Amino acid sequence: MWLIDTRTLELKLFREPAEIEYSYAILSHTWNDDEVSYQDFQDPLQRTNMRGFGKIAGTCRLAHARGLRYAWVDTCCIDKSSSAELSEAINSMFRWYMESALCIVFLEDLPAQASFEHHFPACKWLTRGWTLQELIAPRKVEFYDISWTYRGCKPDLNAFLAGVTRIDQEVLTNSQAMFDVPVARRMSWASMRQTTRIEDKAYCLLGIFGVNMPMIYGEGAKAFMRLQEEIVKDTGDLSIFAWVDLPPGLSGMDSWIQQSYRGIFARSPREFANCHNIRQRIRGVFLNKEFTVTNKGLRIETALVDVPSASQDLVWNLGVSDEVDWPMDNPGGWVGVYLAKTANGYVRSNPYALFKAGPGTMRIRCDSALIHIQKDLRAFESESIEKRFRGAICIDFAQVPCQIVAVMPPQLWDEKRHLFLNLGEGINAYILLRIHFTINPDSSAQLLVTCSTMFEPVCAIWTEDHPFWDRLFQFMNVAKELSDYVAADYLRGEMLSLGVSRLSSTDVCKVKHPQLDSIIDFQVAMKPHLAESQPCFRLQLVMKQDFNNMHR
């Protein structure tokens, strides 16, 4: 990093802040037109005629008066024509701030002799993205008004600064304390701050989260997505997913087409604006979950929660709360996000709200499972998900005392709604059932229900003693790829290869009751149906017990 010699105003290169630890000052300010660049600084005559030079001279004057040999100013101490130098400077900037002796904050819109407490909250300096780390990282920060008059310092003003910025006072006292603060709350500190370049919304937060990544100016909003991916590599803090999409008119520069469904990652720090109160649900108890980001999205093993009174979708418990010290003897108090099952994994539904587990709300914990949640969704993908029930197969087995043992393909199975989602031109689906007989609950039989919507809706039902059972059961166990069920009509192909001349929309199989002198007919039928006002199919199973059948 280049530093300015406060005596000669010449630039000198240092590789590490440790070389000159606590022997330099840094300037924190807001940029204007006519700032002095690295190239401008090489010409003493040119630089002195530029408006921005006054801030450089003022910083060096104050640093020299404190016995500090060097000063760092971001306008002229980084050669921004070198992408390598710029990337290195941004990735190491928090460390340079942290190891400085003094940070000098120049507030050009703070009038001389005006009340600091009254005017400071309206200063432009508080709205800029880069100045967040310049407030947190240094041990000592001094504030100066337009006339370079000293107006106070951190740590003396920590209580006041915490109230204005909503940054924890412990963090202002010791920057390393921020790593005990949930990710969502740290994001909220930057939620109302702006940067000139959209990529800098991410780059200015590297030090706040202790991560590094290459600078790619021109990538736009992808930078913030990359930042979140870097953060989750280093922490199991699920609060990073506690963002809320903003309603129209409040998103400002971050405005996007509103979507009913989103991916699991936020698109801007502004979506964390309501996370100032996010904290561990119980003080001192941090639940560090293991998860990874893959090409299919976020991969995590977790137990989702069914809250019938809140949503048709499921809820993911993030293990954090927005209330202080929720009692340990109360299972509520946690915050979660709504997740909808799609053919390509889960997505966030109702992204404009978080679920808050209050007292008296019935919640049903699902079995733990490995799930994938998509990272992001484009507007057209969200619109497609809104139509995901078209062509679905809704399962209606309520009239039969049975248990669903296994389904194929599981990727398309929405367990809460009891339906298979459609994908492409149609799907094949297999359902393995265990039938329970009412007289002796320990006695049961297995049935295999198969169906297809590839060309026309057809279905079939099979008993364990059927000659085709082993072949079908083997296919169900071996064909694990989703393409085995949506790429071609494998069910019809299997049936033709086994000598079945035709399939229809209804089928019947017969099962002998193990205790009674009777035969039970199980009939399965595919019928047109509506799911959430979208045309689909209903696969219905009914049973009829015939006591006379045994004597024919």
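The values are calculated or read from the model by the stated rules, or taken from the named source; none is laboratory data. These figures come from a predicted structure and were not determined experimentally. FYI the Cβ positions are ideal-geometry reconstructions off the backbone, even for glycines, and counts take in every protein chain you see. Calculation scope for accessible area: heavy atoms of the full protein, side chains included, ligands and nucleic acids excluded. Shrake-Rupley method; radii C 1.70, N 1.55, O 1.52, S 1.80 Å.
So if R0 is 60 Å, what FRET efficiency would ASP34 and SER533 give, r being the distance between their Cβ atoms, rounded to the nearest 0.05?
With a Förster radius of 60 Å, E is 0.50.
Contour minus end-to-end for GLU464 and GLN446, with contour as 0.36 nm per residue of separation and end-to-end as the Cα-Cα distance? Could you put the intermediate results ahead of the total?
Numbers: separation 18, 0.36 × 18 = 6.48 nm, distance 0.63 nm.
My answer for the length gained is 5.8 nm.
Projected over all directions and averaged, the alpha-carbon convex hull of the chain occupies 32.1 nm². Taking every DSSP helix (H) stretch of at least 4 residues in the chain, weighting each as -39,500 (n - 2.57) and dividing the sum by the residue count yields a mean residue ellipticity at 222 nm of -5500 deg cm²/dmol. Near ALA65: Cβ cut-off under 13 Å, other residues only, Lys/Arg at +1 and Asp/Glu at -1. The net charge is +3. Legend: residues ASP168, ASP237, ASP34, sorted from most to least accessible area (1.4 Å probe; ligands, DNA and RNA excluded), read ASP34, ASP168, ASP237. In this calculation the C-beta distance from ARG365 to THR149 is compared with R0 = 51 Å, giving a FRET efficiency of 0.25. If R0 is 51 Å, the Cβ-Cβ spacing of SER505 and ILE257 corresponds to a FRET efficiency of close to 0.80.
With a cut-off of 8 Å between alpha carbons and a minimum separation of six or more residues, what is the relative contact order of the chain in percent?
Value for the chain: 8 percent.
Here the 3J(HN,Hα) profile of the range 520-536, calculated from phi with Karplus coefficients 6.51, -1.76 and 1.60 at θ = phi - 60°, is 10, 8, 10, 10, 10, 9, 9, 10, x, 7, 10, 10, 6, 6, 10, x, 8 Hz, Gly and Pro shown as x. Using the Cβ atoms and a cut-off under 15 Å, what net charge is assigned to the surroundings of THR8, where Lys and Arg are +1 and Asp and Glu are -1? With Lys, Arg at +1 and Asp, Glu at -1, the net is +3. When only the Cβ of Lys, Arg, Asp and Glu is charged (+1, +1, -1, -1), the dipole of the chain relative to its Cα centre reaches about 460 debye.
Where does the charge balance sit around TRP31 when Lys and Arg score +1, Asp and Glu -1, over other residues with C-beta under 9 Å from its C-beta?
Every neighbour counted, the sum reads -2.
Here the extension length gained between ALA162 and VAL405 equals 81.9 nm, from 0.36 nm per residue of separation less the Cα-Cα distance.
What separates the Cα centres of the range 193-228 and the range 297-358 is a distance of 28 Å. In this label model, GLN312 and LYS233 are separated by 3.9 nm, measuring between points 7 Å along each Cα→Cβ vector. Evaluating 6.51 cos²θ - 1.76 cosθ + 1.60 at θ = phi - 60° for every residue in the range 110-115, the Karplus couplings come out as 9, x, 4, 6, 6, 4 Hz, glycine and proline recorded as x.
Rounded, prolate or oblate: pick one for the range 327-386, where a ≥ b ≥ c are the square roots of the eigenvalues of its C-alpha gyration tensor, a/c under 1.5 means rounded, and failing that, prolate if a/b is larger than b/c, else oblate. Spell out each step's value before the answer.
On the way: a/c = 2.95, a/b = 1.97, b/c = 1.50.
Prolate shape, in that a/c is at least 1.5 and a/b is the bigger ratio.
Beyond 19 Å, what percent of the Cα pairs of the range 1-74 remain?
Working: 815 of 2701 pairs.
Looking at the range 1-74, the distances longer than 19 Å represent 30 percent of pairs.
For LYS480, the lysines whose Cα falls under 30 Å of its own Cα, not counting residues fewer than eight places away in the same chain, are LYS233, LYS289, LYS296, LYS341, LYS375, LYS387, LYS416, LYS510, LYS527. In degrees, nearest 10, range 0 to 90: what is the angle between the Cα axis of helix 222-234 and the longest Cα principal axis of the chain? Taking Cα atoms only, the helix is inclined about 80 degrees.
Can you sort ARG193, ARG51, ARG128 by solvent-accessible area, 1.4 Å probe, largest first? If you can, show how the numbers build up before the last one.
On the way: ARG193 20, ARG51 155, ARG128 60 Å².
Output order, biggest surface exposure first: ARG51, ARG128, ARG193.
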